[in-house]
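Heads up, the thing below is written out as structure tokens.
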Amino acid sequence: MSNLVSSDVGLLLELLNSAPIVDGVPTDALRGSGATGWLRERGIPGPPAAAREVRDAVAAVVRGEASAGSLQKYVRDVRQVVVVSADGVRWRLEGARFPARAVLAWAEVKDRLRPCENDAECRLFLIDRSKANARRWCSMSTCGNRLKARRHQARLHD
Ligand SMILES: [Zn+2]
């Protein structure tokens with residue numbers, strides 16, 4: 001069963017990636033004057049504080065800092081109902097509004113969603129669609145190369 005619009009997964013990733021570290025400075029698109037516009041552009045309802053809350057809750061689970069059960073409260077209004085028609089029956093989700101949709105999207109991709117390994121400097125998340133599912137960096141061209149260069153330097157100075 002997948003009642004999820006696949007765009008919810010994209011939206012979840014954008015949400016998770018709304019607080020990156022840029023050039024050593026932590027930023028947050030969901031704080032300050034641009035926050036409401038940021039959410040409106042993406043069709044995410046609600047005050048920025050609510051979006052931040054679910055973002056930080058999912059991020060903590062993905063980072064292994066909180067249990068998945070901590071997300072339960074966001075889906076408590078979600079129900080699955082059966083709809084009977086000439087085609088037979090199908091299941092439909094009800095009550096899956098935004099915070100719930102973010103959690104359902106997390107569930108859809110949780111085995112492929114992880115923090116960039118350059119966590120201290122980046123704080124971005126990635127969804128690895130590759131067969132090997134072994135991607136470690138949000139982007140090879142930035143974080144991947146940066147870390148490789150640093151490890152190389154460290155080896156030279158051993
Ligand atoms: Zn990164």
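With the requirement that a residue be part of a loop (DSSP other than H, G, I, E, B) and surrounded by 13 or more Cβ atoms within 10 Å (Cβ to Cβ), what does the range 124-142 give you?
Step one: of the range 124-142, the residues part of a loop (DSSP other than H, G, I, E, B) are 124, 128-139.
Of everything in the range 124-142, those that are part of a loop (DSSP other than H, G, I, E, B) and surrounded by 13 or more Cβ atoms within 10 Å (Cβ to Cβ) turn out to be 124, 128, 135, 136, 137, 138, 139.
Looking at (1) closer than 17 Å to residue 9 by Cβ; (2) under 13 Å from the mean Cα position of the chain (by Cα), can you tell me which one residue 56 breaks?
Among (1) closer than 17 Å to residue 9 by Cβ; (2) under 13 Å from the mean Cα position of the chain (by Cα), the lone unmet condition for residue 56 is (1).
Among the numbered criteria (1) near the ligand (Cβ under 10 Å from one of its atoms); (2) in a helix (DSSP H, G or I), which single criterion is violated by residue 121?
(2)
Looking at 79, 97, can you tell me which residue is in contact (Cβ under 8 Å) with a residue 24 or more places away in the chain, out of contact with any helix residue (DSSP H, G or I) (no Cβ under 8 Å at 6 or more places or on another chain) and away from the ligand (no atom under 16 Å from the Cβ)?
Values: 79 fails: in contact (Cβ under 8 Å) with a residue 24 or more places away in the chain.
That would be 97, the only listed residue that is in contact (Cβ under 8 Å) with a residue 24 or more places away in the chain, out of contact with any helix residue (DSSP H, G or I) (no Cβ under 8 Å at 6 or more places or on another chain) and away from the ligand (no atom under 16 Å from the Cβ).
Please determine whether any residue of the range 5-22 is out of contact with any Lys or Arg (no Cβ under 7 Å at 6 or more places or on another chain) and among the charged types (D, E, K, R).
If we filter the range 5-22 for residues that are out of contact with any Lys or Arg (no Cβ under 7 Å at 6 or more places or on another chain), which is where we start, we get 5-7, 9-10, 12-13, 17, 22.
Restricting the remaining residues to those that are among the charged types (D, E, K, R) gives none.
No: the range 5-22 contains no residue that is out of contact with any Lys or Arg (no Cβ under 7 Å at 6 or more places or on another chain) and among the charged types (D, E, K, R).
For the range 145-158, does any single residue satisfy the condition of being among the basic types (Lys, Arg), more than 16 Å from the ligand (Cβ to nearest atom), at pLDDT 90 or above and out of contact with any Gly (no Cβ under 9 Å at 6 or more places or on another chain)? Step through it out loud before you land on a result.
Going through the range 145-158, the residues among the basic types (Lys, Arg) turn out to be 146, 148, 150-151, 155.
Cutting the leftovers down to more than 16 Å from the ligand (Cβ to nearest atom) gives us 155.
Add one more test, that the residue is at pLDDT 90 or above, and what stays is none.
So far as the range 145-158 goes, no, none of its residues is among the basic types (Lys, Arg), more than 16 Å from the ligand (Cβ to nearest atom), at pLDDT 90 or above and out of contact with any Gly (no Cβ under 9 Å at 6 or more places or on another chain).
Considering only the range 34-44, I want to know if a residue exists there that is under 20 Å from the mean Cα position of the chain (by Cα) and closer than 28 Å to residue 134 by Cβ.
No.
What residue, of 90, 55, is away from the ligand (no atom under 14 Å from the Cβ) and in contact with a helix residue (DSSP H, G or I) (Cβ under 9 Å, 6 or more places away or on another chain)?
Working: 90 fails: in contact with a helix residue (DSSP H, G or I) (Cβ under 9 Å, 6 or more places away or on another chain).
Matching residue, one of 90, 55: 55.
For the range 97-140, how many residues meet the condition of being of a type in the set (A, V, I, L, M, F, W, C) and over 17 Å from the mean Cα position of the chain (by Cα)? Reasoning before the result, please.
Here is the first cut: in the range 97-140, the residues of a type in the set (A, V, I, L, M, F, W, C) are 98, 100, 102-107, 109, 113, 116, 120, 122, 124-127, 132, 134, 137-138, 140.
Pick out the ones that are also over 17 Å from the mean Cα position of the chain (by Cα) and you get 120, 132, 134, 140.
The qualifying residues number 4.
Can you list the strands (runs of 3 or more DSSP E) found entirely within the range 2-117 that contain at least 1 residues being crowded, with 19+ Cβ neighbours inside 10 Å and polar (S, T, N, Q)? Talk me through it step by step, then tell me what you get.
Values: elements: 79-85, 88-94, 113-115.
Qualifying strands (runs of 3 or more DSSP E): none found.
Within the range 126-144, track down each residue that is more than 9 Å from the ligand (Cβ to nearest atom) and not basic (Lys, Arg).
Result: 127, 128, 130, 132, 133, 134, 140, 141.
Please indicate, with yes or no, whether at least one residue in the range 101-110 is within 27 Å of residue 29 (Cβ to Cβ) and either within 16 Å of the ligand (Cβ to nearest atom) or among the hydroxyl-bearing types (Ser, Thr, Tyr) (or both). Please lay out each step first, then the result.
In the first step, residues of the range 101-110 are kept if they are within 27 Å of residue 29 (Cβ to Cβ); the result is 101-110.
Filter once more, so that each one left must be either within 16 Å of the ligand (Cβ to nearest atom) or among the hydroxyl-bearing types (Ser, Thr, Tyr) (or both): none.
No, the range 101-110 contains no residue that is within 27 Å of residue 29 (Cβ to Cβ) and either within 16 Å of the ligand (Cβ to nearest atom) or among the hydroxyl-bearing types (Ser, Thr, Tyr) (or both).
The values are calculated or read from the model by the stated rules, or taken from the named source; none is laboratory data. Quick caveat: nothing in here was measured; it's all calculated off a predicted structure. Note that each Cβ is placed from the backbone with ideal geometry, even for glycine, and that neighbours are counted across all protein chains shown.
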